[in-house]
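What follows is calculated from the coordinates using simple rules that are stated; it is not laboratory data. From a predicted model like this one, the values you see are computed outputs, not experimental measurements. Counting neighbours? That spans all protein chains shown, and the Cβs are built from the backbone with ideal geometry, glycine included.
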């Protein structure tokens with residue numbers, strides 16, 4: 001009797017956690033599908049994809065920084081124009097990719113926006129540490145709420161400074177800033 005009661009109690013306690021994990025896995029699967037679709041759209045830049053025009057705006061910056069030399073930034077904003085049967089000049093930003101360097105260290109940032117809501121849903125960040133290794137950070141959001149983060153352990157200040165490691169809250173805010181800037185740049 002006690003074993004049965006304990007089993008029932010355990011099931012009642014663990015069931016919500018299992019449902020939450022299943023819901024998170026489904027949300028991650030949707031985000032991965034959205035990412036795959038975005039990559040198909042990226043390949044179709046300058047052409048149609050599923051009855052919409054897919055376009056991009058590229059921003060290149062080259063600056064000379066004293067002490068570290070040339071600093072290059074390449075940001076590409078991907079957006080669609082028009083919706084199915086309705087022609088529209090509205091630019092719907094769906095993906096942003098930015099690459100830059102500081103001295104010999106390289107950075108890559110990719111932000112995926114939810115095709116339905118326009119909210120950031122995926123943030124990928126890769127940074128080269130002072131040890132020459134690459135460190136990757138991934139954040140997944142659903143309706144503005146962090147549902148999963150995949151981050152390496154902090155390698156230490158001698159390899160990555162705190163400013164090189166994105167925090168989830170800051171990453172989301174940065175994604176929203178990128179989106180607003182991207183919309184402004186692509187709606188020239």
Report, largest value first, the span of the C-alpha coordinates of segment 33-186 along each principal axis, in whole Å. 55, 37, 23
Residues 105, 177, sorted so that the one with the fewest Cβ neighbours within 10 Å comes first: 177, 105
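If you rank 62, 109 by fewest surrounding Cβ atoms within 10 Å, what's the result?
Values: 62 9, 109 21.
Starting with the residue having the fewest Cβ neighbours, the order is 62, 109.
For a quick check: sort 149, 66 by the number of other beta carbons within 10 angstrom, fewest at the front.
Lowest count first: 66, 149.
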